[in-house]
Structures are given as C-alpha cells and as structure tokens.
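Notes follow the structure.
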Amino acid sequence: MRLNFTVNGRPQEADDVWEGESLLYVLRERLGLPGSKNACEQGECGSCTVRLDGVPVCSCLVAAGQVEGREVVTVEGLAEYAKQRAAGGCASGACGTGLQDAQGWQAKGTDSQTGEGTELSPVQQAFIDAGAVQCGFCTPGLLVAADEMLERNPNPTDADIREALSGNLCRCTGYEKIMDAVRLAAARQGEAV
Amino acid sequence: MDFLRPASWEEALAAKAEHPTAVPIAGGTDVMVEINFDHRRPEYLMDLNRVGDLSEWEVGAESVRLGASVPYTKIMENLRAELPGLALASHTVASPQIRNRGGVGGNLGTASPAGDAHPALLAAGAEVEVESVRGSRRIPIDDFYQGVKRNALQPDELIRAVHIKKADGPQQFSKVGTRNAMVIAVCAFGLALHPETRTVRTGIGSAAPTPVRAKAAEEFLNAALEEGGFWDNGRIITPSVAKQFAELCSAACNPIDDVRGTASYRRHAVGVMARRTLTWTWESYRGARRASEGAA
Ligand SMILES: Cc1cc2nc3c(=O)[nH]c(=O)nc-3n(C[C@H](O)[C@H](O)[C@H](O)COP(=O)(O)OP(=O)(O)OC[C@H]3O[C@@H](n4cnc5c(N)ncnc54)[C@H](O)[C@@H]3O)c2cc1C
Ligand code: FES
Ligand code: FES
C-alpha cells in the first residue's frame, strides 16, 4: 500500500508498504531515516521512540497504516522542531526538515569543544556536554523522550526525569550521565527565558 | 494482509461483520509484538484509531463510560478521582510510551490473566459494552473472562466502552514485579471499599487462568465488618479479621509455576497484598470519616 504522512514537518510518501510492517520499519527502510533505532521490536527498550501527533510512542508498535495522514517527528528533525518551538512556531512557512537533510543529518558539534553547532537542539547539546553518549544506540530514543518531557515540564524533579525516561534502556552509561544531561538541559532552558 | 481503516463506529462494525477474522488494532502494544515476531499473521488488520469516540470518556452520575481506546496516560491524568483503582493500575503499566498508546479495550481484548486493568475493574465493578451489527449488549465484568486469553466476545463483536462504577470509597492496586517500570505482574491485587453498600470487592491478577474475584474472602469480610459495626464506628480492623481475609484471598488463587514466579509464591504474595491494600484503604476510610465528623 501507499502511505502519506508528515515526517519532521514535511509531507512524505512511502510506496510498497506491507500492511503489517511497523512505523519504525517505514522510517528506516522506506524513507532512509535510520535515526530511530531498532533494538527489540517489542516496546521494551524505547530506542525507536518518535512523536506521533506530538505524543512519544514506540514506533515499532505502531502499524504503518495507522500513521496515514498523521504527523511524526523523529530524532533527525528534533533540532528544527526545538528551534521552531523556541521561536513560537514557523514564521517563514517553510520549516521542517526535508528528507535529504534528514538522511544526511550529522551533529555539527561532535564534542564539547566543537559544540558551537547551532544545529543541535538544547537537549542534544546537553547530552554531548554531559558525556551522556557512549555507544549511542539508546540516544535517539532518549533525546525524543527527554525533549518531550522538558516541553511539558520545564522544571522536572529527578523523579520526574526517571519516570519520563523509564521506557528507555541504556546498556552503557548507567544512566547517571543521562540524568546529568537532562538536568543540564532543564537548567539552560530556565536561564534562556 | 489487508488493512481496514473504518472511519466510524458503524463502518467498523460492518467491516467486522464482513470479516469476522479481522484483528482490531488500537494502541497496537499487544498486536504489533505478535506481528513483529511472526506469531500472528492475520488476514485483515483493522485500525480503530480513526474511530474518534473510542478515545473519549464521559463521567456520569453513577459510572464512567470509558471509550475502549482511551490510553492509560489519559486515565491517570483525568480520572484519578472517579476511578482511583484503575488510575493506579494504569500507572504501573509498562512505560510512558506504552501508556500513551495502550488502553483498557486492548487489555480486555487480550484478556491476559496478567493484564493490570482487570483487578481494578473487578474490584470497582464494571460492565463491558460490546456491539456488532446484530446489536449491543453489556457484559458484566465477572462474566467477561472465559479462560486463559479468552473473553466473552463473539467473532463479529467489538468493544465500544467500559462502564465503571465511580468510586464511593477508597481503592487500591498493588502489583508484584522485579522492578518498577516495564514489568508484567508476577501477581496483582485490586481492592475497593464501597461504603454506600457496605461491601468490599477484590480482583486478583496473574494468579489463576483468568482474573478473578476472591468472593469467599469478600463475603467473610463483609460479614465481619457488619457484625463488628466497623462501617459506623470506624475502628481499626481486628488483626485476626485481616489475617483471615488474606488467607481467603490466597485460597482464591489457582496459580501456576512459570518464569516469573512459583505458584506458592504467588499465593503467598496475594495474601500479603490483600492484607496491605485492606489496611491502606481502611485507614483512608477512617481518616475521611474522622475529617467529616470533625467538620460536623
Ligand atoms: C513492553 C510492554 C510492556 C507491557 N506491560 C504491560 C503491563 O505492565 N501491564 C499490562 O496490563 N499490559 C502490559 N502490556 C500489554 C499491553 O500494553 C496492554 O495489554 C494494553 O492494554 C493493550 O492495549 P492496546 O490498545 O495497545 O491493544 P492492541 O494491541 O491494539 O490490541 C490488543 C488486543 O485487543 C483487541 N482489541 C483492541 N481493541 C479492541 C476493541 N475495541 N474491540 C475488540 N477487540 C479489541 C485486539 O484485536 C488485540 O487482540 C505491555 C506491552 C508491552 C509491549
Ligand atoms: S525497538 Fe521499539 S521499543 Fe525497542
Ligand atoms: S549509550 Fe550505549 S546503550 Fe546507551
């Protein structure tokens, strides 16, 4: 079947989609967006987390056909999404992240030294600065989940952060640096306003 | 595989009548796991997300009409006062991502003995509103669970809503698992005090082939509370009464040994949860009584 939906603010079309495949598969294999990771395909790890009409979900558990006409934000579009949110919407009318840009997406700041890259969302920059990325496999899902929590709850307690990230597993960091990163992003967000 | 996309409830019923083997998919948190792992290859998948009123709820005078697809997150956020037991149970389901998608309709559709909504629904008292092109009926929750992962739905029927009695007293939910998030219950227990009828209702999860009530335990406790005038005098429940209630709850179990726990552990844990939830709810009932007397 053919699928039409919005990905990172731009309309996209996917062809030859099998009715039983997941949104995660469509994103990775049909649209060439490998940012959302496939680790368990059973909702346990959260590394495939995306926003579906604004709500964080495991894309491995959403059937492709269910996203027809709906809006998805993936980690590749997170920086632009955060930028627009900070600007209070899309002023130019040509916002969002195109498929090619998303496919070729790379972090501009790769570590805290070269991290002037304005292309990163605050939560992405905070993960780099706090050293919250090791192998990086869990990172995209955590970024999407953490960014959504900070949008809802700009001053989270540690318990709030733990709860919001309880659906995301990390095998490397032991979570402490991830907690630091989210606290850092929240603090910077507070300074900015 | 064919993907059916009914835009309304009537279309969904018509599609289900035409293709009784069609598998409805709401949040997909059970269905997609089965498809991803090739445990299930249905001929028809039927998306319910487009049927808007399945995601709505209404608070009535006596009960809440909860649309089948209302996600757990919404129950936790909006119905804590009316449905405290179900809100507590919802909060223990999986993770935020899963709670944003999964709901009670799917939990009832799967009818796993480990589903967390079931003990809360049994304790609160509920009816499942199901419908087909042949008509609509309401199934009392006590008759809904028919066997391991079997429910009372006919092949052409869909769950439209669940009518759950609004809380008239304190409710609790307790669940045993290896950690806080993302845990399928080893066993679970729901308890609701109903001061208006002076009754107590229970629900046991994951300790029998289906979710069950501990009816003998309820009867014993109802009689003991009545006899001792507890509802009126608000005294602390006698330890021997709580103990016997807990033992009768354990006895209502018919558990198995599996990877999550042994049968004897489950029986024991259900007794512990029964005693604790009784103490918590009763303390809260006494507190509310004292507060209202103090105000009078
Ligand atoms: C990682 C993970 C952790 C989980 N942890 C828990 C947990 O802690 N506790 C718990 O209880 N569950 C848990 N689950 C199971 C699942 O999330 C719940 O059972 C949830 O309530 C299912 O709802 P859904 O809308 O996603 O159902 P779906 O997957 O969409 O459907 C489930 C079943 O119900 C049927 N169905 C759905 N809607 C209807 C309807 N309106 N009429 C008729 N049939 C219908 C479907 O055909 C299917 O058979 C977990 C699942 C995952 C993936
Ligand atoms: S891949 Fe979706 S939760 Fe693990
Ligand atoms: S950094 Fe490796 S899994 Fe989290």
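The values are calculated or read from the model by the stated rules, or taken from the named source; none is laboratory data. Keep in mind the model is a prediction, meaning the values are calculated, not measured. All Cβ positions, even for glycine, are placed from backbone atoms using ideal geometry, and neighbour counts span all protein chains on display. Just the protein is used for accessible areas: all its heavy atoms, side chains included, with ligands, DNA and RNA removed. Shrake-Rupley method; radii C 1.70, N 1.55, O 1.52, S 1.80 Å.
Say we look at segment A:26-42 and pick out the residues that are in contact with a strand residue (DSSP E or B) (Cβ under 8 Å, 6 or more places away or on another chain) and touching a residue at least 60 places away in the same chain (Cβ under 8 Å); which of these is farthest from ligand 2 (Cβ to nearest atom)?
At the first step, the residues of segment A:26-42 found to be in contact with a strand residue (DSSP E or B) (Cβ under 8 Å, 6 or more places away or on another chain) are A:26-27, A:30-31, A:33, A:36, A:41.
Pick out the ones that are also touching a residue at least 60 places away in the same chain (Cβ under 8 Å) and you get A:31, A:33, A:36.
Working: A:L31: 17, A:L33: 14, A:S36: 8 Å.
Of everything passing the filter in segment A:26-42, A:L31 is farthest from ligand 2 (Cβ to nearest atom).
Residues checked against (1) open to solvent by 50 Å² or more (accessible area, probe 1.4 Å); (2) among the aliphatic types (A, V, I, L, M):
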position	(1), (2)
A:C60	no, no
A:G69	yes, no
A:T74	no, no
A:A79	no, yes
A:G89	no, no
A:C95	no, no
A:Q100	yes, no
A:W105	yes, no
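Within this structure, B:V59 passes the test of being closer than 22 Å to B:E129 by Cβ, surrounded by fewer than 23 Cβ atoms within 10 Å (Cβ to Cβ), of a type in the set (V, I, T) and more than 11 Å from chain A (Cβ to nearest Cβ). Do you know which residues across segment A:36-58 are open to solvent by less than 50 Å² (accessible area, probe 1.4 Å) and within 14 Å of ligand 3 (Cβ to nearest atom)? Within segment A:36-58, A:K37, A:C40, A:C45, A:G46, A:S47, A:C48, A:T49 qualify.
Among the residues of segment B:255-278, which ones are touching a residue at least 24 places away in the same chain (Cβ under 8 Å), assigned to a loop (DSSP other than H, G, I, E, B) and surrounded by fewer than 20 Cβ atoms within 10 Å (Cβ to Cβ)? Spell out the reasoning first.
Residues of segment B:255-278 touching a residue at least 24 places away in the same chain (Cβ under 8 Å): B:255, B:260-261, B:265-267, B:269-278.
Filter again for assigned to a loop (DSSP other than H, G, I, E, B), leaving B:255, B:260.
Result: B:R260, single match.
Using beta carbons and a limit of 7 Å, which pairs, at least six apart or on different chains, have the first residue in segment B:24-43 and more than 9 Å from chain A (Cβ to nearest Cβ) and the second one assigned to a loop (DSSP other than H, G, I, E, B) and basic (K, R)? Listed pairs, sorted by first residue: B:E34/B:R40.
If you go through segment B:183-209, how many residues are crowded, with 21+ Cβ neighbours inside 10 Å and not in a strand (DSSP E or B)? I'd like the intermediate steps shown before the answer.
First, pick out the residues of segment B:183-209 that are crowded, with 21+ Cβ neighbours inside 10 Å: B:185-193, B:200-207.
Subsequent filtering for residues that are not in a strand (DSSP E or B) retains B:185-186, B:206-207.
The number of residues fulfilling the criteria is 4.
Residues being among the aliphatic types (A, V, I, L, M) and not in a helix (DSSP H, G or I) are represented in segment B:244-254 by at least one member.
Out of the strands (runs of 3 or more DSSP E) lying entirely within segment A:1-80, which hold 1 or more residues that are under 22 Å from B:A26 (Cβ atoms)? Result: A:3-7, A:49-52, A:55-58, A:71-73. Among the residues of segment A:6-27, those that are over 17 Å from the mean Cα position of the chain (by Cα), hydrophobic (A, V, I, L, M, F, W, C) and open to solvent by less than 70 Å² (accessible area, probe 1.4 Å) comprise A:A14, A:V17.
The residue that is farthest from ligand 2 (Cβ to nearest atom), counting only those in segment B:65-97 that are without any contact (Cβ under 8 Å) to a residue 60 or more places away in the chain, in a helix (DSSP H, G or I) and open to solvent by less than 20 Å² (accessible area, probe 1.4 Å), is B:A87.
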